[in-house]
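Asker: Sharing a structure with you now.
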Amino acid sequence: MKITNSKAFYDYRIIEFFEAGINLQGAEVKAVRLGHVDLKGSYARIIGNETYLVNAKILPYTYARPEGYQPTRTRKLLLHKSQILALKSKMDGQSLTLVPLSIYTTRRYIKLQLGLGKGKKQYQKRESIKQRDLDRELESEFGE
């Protein structure tokens, strides 16, 4: 099971990839395994010596009690301290952003793929769409 954030590759130029665990509560694990996750508009933030996933929506599990459940609560990401310090220095020095790219299961663990990216300008987004269309046309011409 893998859920990707396709908007992240459109809005950001990803420079480096990281893998992190997520600290989930109770029925959130079952909801993630069923694919009830939306990563659009979410981002990761380093506060102190800890990393958090902000604004990711995990819809409630249908058979769990819904009292007091917040789908967009801030969740802690599990990274080594050395990784967090390296990320923090890169983000401060080059004005980069931590973007969640995908969430997936590895055996019994739920992992989040993070990307260290730089935001694209509007003209860069148009150029990437144009390039993708040209590649698609060339592929269709040579494929025939």
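The values are calculated or read from the model by the stated rules, or taken from the named source; none is laboratory data. Source: prediction; values computed, not measured. Quick reminder, even Gly has a Cβ in these numbers, built from the backbone with ideal geometry, and neighbours come from all protein chains shown.
Asker: Filter region 71-90 down to the residues that are of a type in the set (A, V, I, L, M) and not in a strand (DSSP E or B) and list them by number.
Answerer: Across region 71-90, the qualifying residues are Leu79, Ile84, Leu85, Ala86, Leu87.
Asker: Something else now. So which of Arg33, Arg45 is closer than 30 Å to Tyr123 by Cβ, more than 11 Å from the chain's Cα centre (by Cα) and not in a loop (DSSP other than H, G, I, E, B)?
Answerer: Arg45
Asker: Continuing with the same structure: Of all the residues that make up region 98-144, how many are of a type in the set (Ser, Thr, Tyr), surrounded by 12 or more Cβ atoms within 10 Å (Cβ to Cβ) and either free of Cβ contacts under 8 Å to residues at least 40 places away in the same chain or closer than 23 Å to Leu87 by Cα (or both)?
Answerer: Residues flagged as of a type in the set (Ser, Thr, Tyr), surrounded by 12 or more Cβ atoms within 10 Å (Cβ to Cβ) and either free of Cβ contacts under 8 Å to residues at least 40 places away in the same chain or closer than 23 Å to Leu87 by Cα (or both) within region 98-144 amount to 2.
Asker: Continuing with the same structure: Given the criteria farther than 27 Å from Glu127 by Cα and either within 16 Å of the chain's Cα centre (by Cα) or not charged (D, E, K, R) (or both), does Tyr104 qualify?
Answerer: So Tyr104 passes the test.
Asker: Only one of Gly68, Gly93 is loosely packed, with under 12 Cβ neighbours inside 10 Å and part of a helix (DSSP H, G or I); which?
Answerer: Exactly one of Gly68, Gly93 is loosely packed, with under 12 Cβ neighbours inside 10 Å and part of a helix (DSSP H, G or I), namely Gly93.
Asker: Still on this structure: Looking only at residues that are assigned to a helix (DSSP H, G or I) and among the aliphatic types (A, V, I, L, M) in region 6-30, which one is farthest from Met91 (Cα to Cα)?
Answerer: Val29
Asker: Does region 72-84 contain at least one residue that is under 19 Å from Arg13 (Cα atoms), surrounded by 15 or more Cβ atoms within 10 Å (Cβ to Cβ) and touching a Ser or Thr at 6+ places or on another chain (Cβ under 7 Å)?
Answerer: Initially, region 72-84 is screened for residues under 19 Å from Arg13 (Cα atoms), giving none.
No, the conditions are met nowhere in region 72-84.
Asker: Name the one entry in Tyr61, Tyr69, Tyr10 that is touching a helix residue (DSSP H, G or I) at 6+ places or on another chain (Cβ under 6 Å), of a type outside the set (Val, Ile, Thr) and modelled with pLDDT under 90.
Answerer: Tyr61
Asker: Taking region 1-60, which residues are over 23 Å from Ser128 (Cβ atoms) and of a type in the set (S, T, N, Q)?
Answerer: Across region 1-60, the qualifying residues are Asn23, Gln25, Asn49, Thr51, Asn55.
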